[in-house]
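Okay, structure first, notes after.
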Amino acid sequence: MARGYFVTGTDTGVGKTRVACILLRAFAATGARTIGMKPVAAGSERGRWEDVEALAQASSVQAPGALRNPYAFEPAIAPHIAAELAGARIDIDTILRAYRALTERADVVVVEGAGGFVIPLDARHTSADLASRLAIPVVLVVGMRLGCLNHALLTGEAIRARGLRLAGWVASCIVRDVPQLERNVGSLEERLDCPLLGVLPFRPGATHRDAQPSLSIAALAEVSA
């Protein structure tokens with residue numbers, strides 16, 4: 001049975017795609033067949049969704065676009081608003097069917113959520129509801145900056161409140177100089193109660209094709225979906 005991991009973040013723009021791509025390549029290096037999935041993408045540049053393309057390039061096997069990315073919207077706004085403007089509705093069951101189809105093609109499926117963990121998908125459902133339905137371990141990407149401790153701990157509580165396993169977290173430096181970075185990382189290591197997979201340095205202008213730091217997947221490899 002394929003393993004799955006749901007990559008979420010403390011906010012939008014904290015490096016979820018970067019982390020998802022690193023995980024895909026790390027698992028592929030062990031010989032696993034990997035596929036990245038972006039259930040909902042919002043924000044395109046000339047009809048291209050950068051996150052979706054990056055995940056496809058980092059995957060070791062390919063799949064139809066409708067499975068890898070069931071919903072894509074032009075404006076870079078909240079998914080439920082983007083869907084409303086497009087006259088569409090984000091259906092979690094559609095996403096689940098696509099995910100299950102991907103598990104038949106790969107050994108590891110890395111699912112990148114949209115925005116933060118509780119971003120709305122429609123009038124009643126959020127990304128947390130999607131994660132609950134997928135019922136796979138969660139990797140939390142923490143955007144390291146002032147205020148990140150509160151955001152990370154609240155997100156960790158929300159993940160566990162859904163009965164999900166927080167399998168690991170990544171410290172993603174999204175500003176040039178993070179005050180007391182090591183102490184902040186240490187504080188979260190003590191409180192999140194899950195493995196730190198790695199610390200990603202601040203890299204302005206880097207693309208997903210550039211050489212990336214490694215993350216420790218040993219703890220994740222022990223978690224079965």
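The values are calculated or read from the model by the stated rules, or taken from the named source; none is laboratory data. This structure is a prediction, so every number in the text was calculated from the model and none was measured. Neighbour counts are summed over all protein chains in view; Cβ atoms, including those assigned to glycine, are modelled from backbone coordinates with ideal geometry.
Just for region 155-184: of the residues that are aliphatic (A, V, I, L, M), touching a residue at least 12 places away in the same chain (Cβ under 8 Å) and closer than 22 Å to F6 by Cβ, which one is surrounded by the most Cβ atoms within 10 Å (Cβ to Cβ)? Within region 155-184, the match that is surrounded by the most Cβ atoms within 10 Å (Cβ to Cβ) is V170. All conditions but one from (1) under 22 Å from V14 (Cβ atoms); (2) modelled with pLDDT of 95 or more; (3) surrounded by 16 or more Cβ atoms within 10 Å (Cβ to Cβ) apply to L96; the one that does not is (1).
Listed here are the residues, each with its yes/no results for (1) within 21 Å of K16 (Cβ to Cβ); (2) surrounded by fewer than 14 Cβ atoms within 10 Å (Cβ to Cβ).
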site: P70; (1), (2): yes, no
site: P75; (1), (2): yes, yes
site: I81; (1), (2): yes, yes
site: L85; (1), (2): no, yes
site: D91; (1), (2): no, no
site: D107; (1), (2): no, no
site: V110; (1), (2): yes, no
site: G113; (1), (2): yes, no
site: T126; (1), (2): yes, no
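Confirm whether A131 is of a type outside the set (S, T, Y), touching a helix residue (DSSP H, G or I) at 6+ places or on another chain (Cβ under 8 Å), surrounded by 21 or more Cβ atoms within 10 Å (Cβ to Cβ) and farther than 30 Å from Q180 by Cα. Yes; evaluated as a whole, the condition is true for this residue. Taking region 88-128 as the range and being in a loop (DSSP other than H, G, I, E, B), without any contact (Cβ under 8 Å) to a residue 60 or more places away in the chain and of a type in the set (K, R) as the test, the residues that pass are R89, R124. Report whether or not A131 is within 23 Å of L24 (Cα to Cα) and either among the polar types (S, T, N, Q) or not in a helix (DSSP H, G or I) (or both). Here the answer is no, as A131 does not meet what is asked.
Please go through region 12-54 and pick out each residue that is in contact with a Gly (Cβ under 6 Å, 6 or more places away or on another chain) and buried (at least 20 other Cβ atoms within 10 Å of the Cβ).
First pass over region 12-54, keeping only residues in contact with a Gly (Cβ under 6 Å, 6 or more places away or on another chain): 12, 14, 16, 20, 24.
Passing the criteria: V14, K16, A20, L24.
Of all the listed residues (L146, L55, L140), the sole one being within 30 Å of Q180 (Cα to Cα), among the aliphatic types (A, V, I, L, M) and touching a strand residue (DSSP E or B) at 6+ places or on another chain (Cβ under 7 Å) is L140.
Out of P120, P64, which single residue is touching a helix residue (DSSP H, G or I) at 6+ places or on another chain (Cβ under 9 Å) and surrounded by 15 or more Cβ atoms within 10 Å (Cβ to Cβ)? Working first, answer last.
Working: P64 fails: surrounded by 15 or more Cβ atoms within 10 Å (Cβ to Cβ).
Matching residue, one of P120, P64: P120.
Listed conditions (1) more than 15 Å from K16 (Cβ to Cβ); (2) surrounded by 14 or more Cβ atoms within 10 Å (Cβ to Cβ); (3) modelled with pLDDT of 95 or more are all met by R191, apart from (2).
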